[in-house]
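So the structure is just underneath, and the comments pick up after that.
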Amino acid sequence: MRNVYNFSAGPAVLPEPVLQEAADEMLDYKGSGMSVMEISHRSSLFQSIIDETEQDDPDVILLTGDIGDDKVESVLPQLDALQDLYAPHGIYAVFGNH
């Protein structure tokens, strides 16, 4: 694979192993048979994603897509699982993608 370095928005290169892991898990997250987008927010696999995120000690967290629809109330079912997340620069959510 030929690496292209994009400096238009600053250095924006992800290591090839990171890209490969993301590609491998796009359709089958950690052998679950589901993409990460299909995992129930009530499942232990979802909780393991949250636990792993906490262990990574992120500066910022962005929750994208179907975390909720067009109203804050749509996120309420996920709050129990997400309430302990912390990032010093904030946690942001993008509502809906459909």
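When Thr53 is tested against (1) modelled with pLDDT under 85; (2) surrounded by 14 or more Cβ atoms within 10 Å (Cβ to Cβ); (3) not hydrophobic (A, V, I, L, M, F, W, C), just one condition goes unmet, and that condition is (1).
Taken over segment 13-65, the criterion of being part of a loop (DSSP other than H, G, I, E, B) and of a type in the set (Ser, Thr, Tyr) is satisfied by Ser32, Ser35, Ser40, Ser43, Thr64. Could you check, for segment 3-18, whether at least one of its residues is modelled with pLDDT of 80 or more, under 29 Å from Gln83 (Cα atoms) and not polar (S, T, N, Q)? Yes - at least one qualifying residue is present in segment 3-18.
The values are calculated or read from the model by the stated rules, or taken from the named source; none is laboratory data. Computed from a predicted structure; not experimentally measured. Glycine also receives a Cβ, built like all others from the backbone with ideal geometry; neighbour counts cover every protein chain displayed.
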